[in-house]
Amino acid sequence: MEVLVAEHAGFCFGVTKAVDTVYEQIESGNTMNIYTYGPIIHNETVVSDLEKKGVRVIENADDLQKLIAEKEKNSEGGDLQGTIVIRSHGVTKEVQKLIEETGLEIIDATCPFVKRIHKVVAEESSIGKSIIVVGSANHPEVEGIVSYVTGPVYVIDSPEKAREFNESRELEYTVVAQTTFNRKKFQETVEIFKNIGYNINIVNTICNATDERQTEAEDIASKADVMIVIGGAHSSNSRKLYEICKEKCAETYFIQTLEDLHLNLTGNVKLVGITAGASTPKNIIEEVQNYVRTNF
Ligand code: F3S
């Protein structure tokens, strides 16, 4: 039996940068508080390791308001001591403003590919275009993108929703995508808008890391008898990876760590494929790979 691990599995460039930034803060001997806005990645193992090392997660805008209130009460206008790291998804304009008000030192690890989308939608909406974001409305990355739009904005999460879209055909629309959106579904969605007759300008903002990961996963899944996708339960890019693999390989497992894997392989299984979402550390991929290689 062969085990094939995707080359483009695990941390992407943006996530690596964000996680490394937090570890660098710990290792730099920074004795002040270190915060992240939201868990730095969708991986409980990494987040709990950081917690043990003293990193605190600020969950939402309310927590920021509390910090600001604390600062005003305690230090007669002085700054809070510590650093806050913004994760690769980025934040909304409103949250950015609140973070600045805390007076904490800000380290912005927003992925440059996400920053580019902020810039595109801000510019396009400033010249009167309506914006369509193809992605999940409640994903923090999409919430951030939407906050940079100054005019009308719509979020569509599937080709089906594009079919139901019924807005003015007189307007001009600029369409962007969440960086981790499924490439094929994005193309399908855009085609529907075109066919219905909307005047659209497409900026494909799906990042290369996602594209390569999805293409390779699909390729491996179409050959594999069993496919294992490793990723956080709340990681949307991992879920999408799972959907892509499941379409090609009925025996696809979605696991967070090796403990979730309950494989029961028969003698007919010739190829097991393994891939992982952008927030899965290398050591977890290696553990799963070693387990499959040595136990079957
Ligand atoms: Fe950035 Fe792409 Fe990763 S947008 S965070 S490199 S998935």
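Of 89, 262, 234, which has the largest mean-square fluctuation in a 10 Å C-alpha GNM of the chain?
Residue with maximal mean-square fluctuation among 89, 262, 234: 262.
Just 167, 188, 101 to compare: in a GNM of the chain, with alpha carbon springs under 10 Å, which one fluctuates most?
167
Evaluate E = 1/(1 + (r/R0)^6) for residue 122 and residue 290, where r is the Cβ-Cβ distance and R0 equals 35 Å; express this FRET efficiency to the nearest 0.05.
0.15
Which of the aspartates and glutamates could a cross-linker span from residue 71 if the Cα-Cα distance has to be under 20 Å and same-chain partners fewer than 8 positions apart are dropped?
59, 62, 63, 79, 94, 100, 101, 105
Listed highest first by mean packing, meaning other Cβ atoms within 10 Å per residue, what order do 272-280, 287-295, 146-154, 220-228 come in?
Averaged packing, sorted descending, gives the order 272-280, 220-228, 146-154, 287-295.
Normalising by the residue count of region 13-108, find the relative contact order in percent from Cα pairs under 8 Å and 6+ residues apart.
Relative contact order, region 13-108: 33 percent.
Greater than 26 Å separation of Cα atoms is the criterion. Which listed pairs, 97/161; 53/282; 17/53; 66/282; 161/240; 93/129, meet it?
Over 26 Å apart, Cα to Cα: 97/161; 66/282.
Under the 0.36 nm per residue contour assumption, what length would be gained going from the current alpha-carbon distance of residue 70 and residue 265 to full extension?
So the chain would gain 64.6 nm between residue 70 and residue 265.
I need the Debye-formula profile for region 92-246: one equal scatterer per C-alpha, no solvent, reported as log10 I(q)/I(0) at q = 0.16 1/Å, two decimals.
Listed by q, the Debye log ratios stand at -0.93.
Obtain the nm distance between the two label points defined at residue 165 and residue 45 by a simple spin-label model: each point lies 7 Å from its Cα along the Cα-to-C-beta direction.
My value for the distance between the label points is 3.9 nm.
Between region 81-108 and region 115-182, how many Å separate their Cα centres?
Between the Cα centre of region 81-108 and that of region 115-182, the gap is 24 Å.
About the Cα centre of the chain, what is the dipole size in debye to 20, counting +1 per Lys and Arg Cβ and -1 per Asp and Glu Cβ, all else neutral?
520
Enumerate the whole-percent occupancy of each 5 Å bin, from 0 to the last occupied one, for all C-alpha pair distances of the chain.
1, 5, 11, 14, 15, 14, 13, 11, 8, 5, 3, 1, 0, 0, 0
No lab work stands behind these numbers, since they all come straight from the coordinates. Because the structure is a prediction, the values reported are computed rather than measured. Neighbour counts are summed over all protein chains in view; Cβ atoms, including those assigned to glycine, are modelled from backbone coordinates with ideal geometry.
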